[in-house]
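Enquirer: The structure's right below; bear with me while I get my questions together.
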Amino acid sequence: MQINIITLFPELVLPYFENSIIGRAVKNGIVNINAINPRGFTNDKHRRIDLPLVGGGAGMLMMSQPIVDSLKSIHFESHIIAVTPVGKRFNQKDAIRLSKLNNITIISGRYEGFDERIVEHYVDEVFSIGDFILSGGELSSLVIIDSIVRNINGVLGNSESIIGESFENNLLEAPNFAQPVNFENSYIPSVYFSGYHKKINDFKNSLSKCKTKFFRPDLYQNYLVGAKSAK
C-alpha cells in the first residue's frame, strides 16, 4: 500500500513509521510512506501557506492552491481523506475497509483547517477521531494510518492477532491475562485453565458482553440490535 500524508510537518510524522509493527511493514515493502509538504508548492514568494478567513473570524486558514497542487503531484489514483473535527467518527470497520486499497492520501490540516472547497472537490472521505480539538491533523492522521496498516495482510506476525479484537460485532474485547496466576491477591478465572476451548470462548464472550455493557453502553445497544436482527 502507498500512503501519502500532506502535512506542514513531515518531521513530526515520518519518525513514527521507523519502528515497531509499521516500521517492519515499511522495511518489508508492504507499506510505503510519502510525506508531502504543501509549503513546497506555494506560489507565495515568502512561502506563506495561510490566509485570513473570509467573512472574519479568529485564526488563519490553509491556502487552497498549495494543497491542491500537493494532491496533483501524486501521479497515481489515490483515495483522498481529510481529517477534521467535523468529520465522521473513524472506526474499526473503516480501518478494515481502507486496508484493502492500494493508495491512500491523508490531508493533515493546521491553523483553522482548510478551505471547504477542497473537501467538496477533491476529498473522498472526511474523518474525525473524536469530539475534541488538536493543534493539527498530524496526530489524527497517524492514528488512522496505524489502524489501517495493522489490518493489511502480512503486517502482523500472527494473522490471528486481529481476530476477536475490540469493536468486532459491536463488542469490546474480553479481558486478557498473563502469568502469574496470583498477582497481588488477584486471581485469573480458573476457566482459562480448563483446557476446554468452547468453554473458554463462551466465558470470554460473556465477559466481552459485560465489559461492553459497562464501558460502552452505546456499543452494547448496537450489539443487541444486531443480535436481534440476526435471529
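Enquirer: Which one, S20, S194, S141, has the greatest fluctuation when you compute a Gaussian network model over the chain with C-alpha springs under 10 angstrom?
Expert: S194
Enquirer: Normalising by the residue count of segment 2-149, find the relative contact order in percent from Cα pairs under 8 Å and 6+ residues apart.
Expert: Over segment 2-149, the number comes to 28 percent.
Enquirer: Could you order the peptides 97-104, 215-222 from most to least packed, using the average number of other C-beta atoms within 10 Å per residue?
Expert: 97-104, 215-222
Enquirer: Of the DSSP beta bridges with both residues in segment 10-144, give the percent that are antiparallel, rounding to the nearest 5.
Expert: Values: 4 of 15 bridges.
The antiparallel fraction comes to roughly 25 percent.
Enquirer: Okay, moving on. Please report the spacing between the Cα centers of segment 1-60 and segment 167-231 in Å, no decimals.
Expert: 39 Å
Enquirer: Let me ask another. How far apart, in nm, are two points set 7 Å out from the Cα along the Cα-to-Cβ line at Y187 and at A58?
Expert: Result for the modelled spin labels: 5.7 nm.
Enquirer: Using the Karplus curve 6.51 cos²θ - 1.76 cosθ + 1.60 with θ = phi - 60°, what ³J(HN,Hα) values do you get for each residue of segment 16-26, in whole Hz, with x for Gly and Pro?
Expert: Going residue by residue, I get 4, 8, 9, 9, 6, 4, 5, x, 5, 5, 5 Hz, with x marking Gly and Pro.
Enquirer: Also: Using the scaling law 2.2 N^0.38 Å as the reference, what is the normalised Cα Rg of segment 164-230? Please report the intermediate quantities before stating the final value.
Expert: Working: Rg = 13.6 Å, N = 67, 2.2 N^0.38 = 10.9 Å.
Working it through for segment 164-230, the quotient is 1.25.
Enquirer: Would you mind working out the magnitude of the charge dipole of the chain relative to its Cα centre, with +1 at each Lys and Arg C-beta and -1 at each Asp and Glu C-beta, to the nearest 20 Debye?
Expert: 680 debye
Enquirer: Run lengths n ≥ 4 of DSSP H only: what is the helix-derived mean residue ellipticity at 222 nm for the chain, with -39500 (n - 2.57) per run over all residues, to the nearest 500? Before the final figure, lay out the partial values.
Expert: Working: 8 runs with 80 residues, N = 231.
Rounded to the nearest 500, it is -10000 deg cm²/dmol.
Enquirer: Counting other C-beta atoms within 10 Å, which of T42, T212 has the fewest, and how do the rest follow?
Expert: With the sparsest Cβ surroundings first, the list reads T42, T212.
Enquirer: Going by average Cβ density within 10 Å per residue, which order do the peptides 73-82, 184-193, 198-207 take, highest to lowest?
Expert: Highest mean packing first, the order is 73-82, 198-207, 184-193.
Enquirer: For the chain, restrict the atom set to alpha-carbon positions and state the Rg and Dmax in Å.
Expert: In order Rg, Dmax, the Cα atoms of the chain give 21.7, 71 Å.
Enquirer: So for the chain: antiparallel DSSP bridges make up what percent, rounded to the nearest 5? Show your work: numbers first, answer last.
Expert: Details: 7 of 28 bridges.
Close to 25 percent.
Every read-out reported here was derived from the displayed coordinates using simple, explicitly stated rules and does not represent laboratory data. Here the structure is a predicted model, which is why all the values come from computation and not from measurement. In this analysis, Cβ positions are derived from the backbone assuming ideal geometry, glycine residues included, and neighbour counts consider all displayed protein chains.
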